[in-house]
Amino acid sequence: MTNEPHIKIDNLTMGYGDFVVQHDLNCVINKGDIFVIMGGNGCGKTTLMRALVGLQRPTAGTIFYSGEDFWNVPQEDQERLKRRLGIMFQSGALWSSLTLAENVALPLIEYSTLPPRRIDELVSFKLALVGLAGFEEFYPVELSGGMKKRAGLARAMALDPEIMVIDEPSAGLDPLTARRLDDLILELRDSLGTTIVVVTHELASILNIGSNSVFLDNETRTMIATGNPREALKSGDPRVRHFLTRGEA
Amino acid sequence: MKTAHSITGNQEAAWHLETRRIEPDAMQVVFTGRWCIDQDLPSSAALHAELTEDLRRLTFRTDALGAWDSGFLAFLAALRKFCVGRGIVVDQSGLPAGVGHLLTMAFAVPAQKVSDRTGGRQTLLVQVGTETIAFFRGLPEMLHFLGEITLSFGRLLTGRAQFRMSDLWLEVEEIGPRALLIVSVICFLVGLILAYLGADQLRMVGAQRFIADLVAIGMVREMGALMTGIIIAGRTGAAFAAQLGTMQVNEEIDAFKTLGISPIDFLVLPRILALMLMMPLLTLYAGFIGMLAGMLVSTTIFHISVFEYYTETIQALELKHFLVGLSKGSVYGAMVAYSGCLRGIQCGRSAEAVGEAATSAVVTGILLITITASLLTIIYYQLGI
Ligand SMILES: Nc1ncnc2c1ncn2[C@@H]1O[C@H](COP(=O)(O)OP(=O)(O)O)[C@@H](O)[C@H]1O
Ligand SMILES: [Mg+2]
């Protein structure tokens with residue numbers, strides 16, 4: 001973990017029409033951070049993620065990637081910034097008309113000049129990393145929900161992105177698979193220096209991998225804490241403790 | 001100063017409700033009997049008239065309360081909500097413990113303020129008005145989509161469009177061969193109708209052999225393309241919208257966007273191309289089937305010989321009729337593909353939205369076909385084709 005800001009969220013407000021989902025968010029995500037977005041169902045975690053990856057323009061405020069104003073740079077610069085991101089959607093979002101191998105290969109085909117043989121090898125390796133070796137020729141409909149998520153993660157890793165944004169990786173996974181995904185996320189950070197933004201509810205996971213976090217509140221519709229989740233659990237805001245301990249503290 | 005007021009259901013009802021002023025600004029509600037959902041319980045609105053401005057506190061007495069279930073809870077919850085709205089404090093201490101706990105749980109998480117809903121019941125007139133306004137409001141978006149498709153075609157022509165040939169062939173197969181049966185049935189019947197219609201009119205002037213001309217020109221020039229267009233709107237247009245809509249729900253389209261791959265190139269372009277390729281062929285086929293039906297009717301019912309019918313048909317069919325029919329077919333195909341893809345891409349993120357997208361694709365498709373059909377007819381007439 002260095003102290004170089006990689007992503008900076010500045011007075012961010014997001015909403016749908018007149019409905020404000022979250023307002024006045026401020027956080028700094030450093031290079032190599034594993035940044036956890038926490039909060040109750042429907043508090044706006046996915047919405048924040050969509051703003052971070054360029055799918056939904058915030059109603060106010062700014063998102064900086066290495067100092068560049070993501071939403072207000074020219075289109076081609078935004079495209080270039082997006083190419084540094086790898087995204088795993090909540091549902092996996094695999095392309096249904098392509099096999100798993102083709103899903104992972106498509107970004108490589110589009111954005112690299114690698115020969116097909118090398119692409120095949122890379123694809124098999126990435127699928128093996130998420131525990132899906134042997135499923136190359138399967139179509140998304142032939143997989144369970146958890147497998148789709150893992151395949152989505154393999155696709156997000158396809159281009160070795162600088163930043164990975166992951167929406168609820170472990171929801172719906174069995175404890176062992178969830179643990180393996182945590183290890184994978186830690187490993188990606190440690191060996192490739194990837195900055196990781198992850199939405200998760202799993203207490204074990206939050207404490208195990210999170211180095212930084214933000215807690216979005218459902219009632220006040222803004223953040224009520226940011227920083228290391230382990231410290232948030234120890235001292236921090238009582239509402240965060242309440243949430244992290246399933247209401248026991 | 002005690003004013004009591006009591007409410008009971010009909011004679012046999014087991015529930016009973018009584019209110020009394022225990023203090024000048026406090027009212028007590030006394031529940032007796034059985035308060036269960038299988039009974040004809042009152043609505044809390046029955047008490048609204050008594051919950052006057054001067055009241056500050058509401059208490060309950062339930063010593064003579066028999067069985068209760070969620071019917072009782074719902075009554076109390078609604079009552080409590082009303083009181084809170086009026087600044088009346090509700091004292092739950094007089095309720096059975098279980099009732100108190102469940103009520104507290106129900107109000108523990110305050111109702112969330114969620115996004116505007118455009119739902120709710122509206123009168124027919126309002127609905128028609130809203131839909132009409134929505135249609136015109138949607139026009140800029142429709143034009144924008146048209147622009148994006150045009151750009152995508154530009155990329156196709158310069159060889160920079162990102163799509164897979166295999167997707168195109170998959171669509172071609174889905175649109176063409178699999179539509180043959182329904183196109184055959186419908187166009188056979190249309191040919192048959194035209195033949196009967198013609199026979200009846202032409203008999204009056206003793207020119208029954210011109211049935212062949214009528215059927216041939218009618219089918220090749222207009223009806224073949226029109227009927228195929230409408231069939232394809234219902235079949236393929238709806239399918240396009242449902243497919244793209246489902247991809248929208250599954251965040252697949254978002255996944256393309258974040259990768260910088262144009263969903264228009266990858267998903268919309270092959271579908272439009274496939275329809276524009278297949279529609280002229282289907283139109284030709286439709287015309288042929290219609291003429292076949294005409295011939296069958298003429299030879300069996302109206303005693304025109306096959307040879308006579310054949311030569312009449314050949315004479316009637318000038319090249320221009322084919323060109324008109326084929327051009328109409330392609331245009332209708334483009335309209336159907338455009339509306340299907342437009343509604344699919346615009347689809348919301350729910351299963352319900354996918355259904356709406358499919359319906360809307362068919363409506364838009366048929367509307368656009370009708371508009372272009374009229375325009376083309378006028379244009380061709382003016383050009384004398
Ligand atoms: N497309 C949409 N239109 C309107 N409201 C939405 C839309 N998507 C989400 N919302 C609302 O925004 C809020 C936050 O949703 P979301 O970001 O998905 O929450 P979560 O934290 O569970 O991921 C919810 O109240 C939801 O109802
Ligand atoms: Mg979510």
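Observations on the structure shown:
- Our coupling estimate for the range A:78-90, obtained by passing each phi through the Karplus curve with A = 6.51, B = -1.76, C = 1.60 and θ = phi - 60°, is 5, 4, 5, 5, 4, 5, 8, 9, x, 10, 10, 7, 3 Hz, Gly and Pro reported as x.
- Each residue of the range A:143-159 is assigned a 3J(HN,Hα), and the resulting list reads 10, 7, x, x, 5, 4, 4, 5, 5, x, 5, 4, 5, 4, 7, 3, 9 Hz, derived from the Karplus form 6.51 cos²θ - 1.76 cosθ + 1.60 (θ = phi - 60°), x at Gly and Pro.
- At q = 0.10, 0.19 Å⁻¹, base-10 log of I(q)/I(0) for the range B:4-108 (Debye sum, equal scatterers on each alpha carbon): -0.25, -0.96
- Taking N as its residue count, the alpha carbon Rg of chain A over 2.2 N^0.38 Å: 1.00
- Selected from B:Trp35, B:Val362, A:Met49, residue furthest toward positive end of dipole (the protein assembly as shown; charges at beta carbon): B:Trp35
- Leaving ligands and nucleic acids aside, the A/B contact buries around 2100 square angstrom of accessible area in total at a 1.4 Å probe radius.
- The distance separating the Cα centre of the range B:122-152 from that of the range A:176-245 comes to 43 Å.
- Near B:Ile22, the amide H atoms lying under 5 Å from its own belong to B:Met27, B:Gln28; only residues 5 or more places off or on other chains count, and H is placed 1.01 Å from N.
- Phi angles of the range B:32-40 translate, via the Karplus equation with coefficients 6.51, -1.76, 1.60 and θ = phi - 60°, into HN-Hα couplings of 9, x, 9, 10, 10, 5, 7, 9, 8 Hz per residue; Gly and Pro are given as x.
- For the protein assembly as shown, accessible area per residue (1.4 Å probe, heavy atoms of protein chains only), Å²: 48 Å²
- Cα centroid separation - the range B:272-303 against the range A:1-47, whole Å: 61 Å
- Axis of helix B:97-108 versus longest Cα principal axis of chain B: the two differ by about 50°, to the nearest ten degrees.
- Heavy-atom accessible surface of the range B:4-108: percent carbon and sulfur, 1.4 Å: 56 percent
- Partners for A:Lys82 among aspartates and glutamates (Cα-Cα distance below 17 Å; same-chain residues under 8 apart left out): A:Glu68, A:Asp69, A:Glu110, A:Asp160, A:Glu162, A:Asp167, B:Glu251, B:Glu252, B:Asp254
- Across the range A:1-119, the relative contact order, built from alpha-carbon pairs under 8 Å that are at least six residues apart, equals 23 percent.
- Highest-first arrangement of B:181-187, A:69-75, A:226-232, where packing means the average Cβ count within 10 Å: A:226-232, B:181-187, A:69-75
- Kirkwood hydrodynamic radius over Cα pairs of the range B:233-372, then Stokes diffusion coefficient at 4 °C and 1.567 mPa s, in µm²/s: 76 µm²/s
- Burial of 50 Å² or greater, the range B:244-281 residues [accessible area, probe 1.4 Å, versus chain by itself]: B:Glu251, B:Glu252, B:Thr258, B:Leu259
- In the range B:227-385, the portion of solvent-accessible area held by carbon and sulfur atoms comes to 73 percent [1.4 Å probe, whole percent, DNA, RNA and ligands not counted].
- The charge dipole of the protein assembly as shown, taken about the Cα centre with unit charges on the Cβ atoms of Lys, Arg (+1) and Asp, Glu (-1), comes to about 360 debye, rounded to the nearest 20.
- Carbon and sulfur %, accessible surface of the range A:86-188 computed with the full protein complex present, 1.4 Å: 58 percent
- Computed extension length for B:Phe307-B:Ser70: 77.2 nm, one decimal, from 0.36 nm per residue of separation with the Cα-Cα distance subtracted.
- Mean separation of Cα contacts under 8 Å (6+ apart) over length of chain A, as relative contact order %: 25 percent
- Nearest-0.05 FRET efficiency for B:Thr52 and B:Arg137, computed from C-beta distance (R0 51 Å): 0.65
- Sequence-separation-based contact order of chain B, relative, with Cα cut under 8 Å and 6+ spacing, percent: 16 percent
The values are calculated or read from the model by the stated rules, or taken from the named source; none is laboratory data. Keep in mind the model is a prediction, meaning the values are calculated, not measured. Cβ sites come from the backbone with ideal geometry, for glycine too, and all protein chains shown count toward neighbours. Keep in mind that these areas ignore ligands, DNA and RNA; they rest on the heavy atoms of the full protein, side chains included. Shrake-Rupley method; radii C 1.70, N 1.55, O 1.52, S 1.80 Å.
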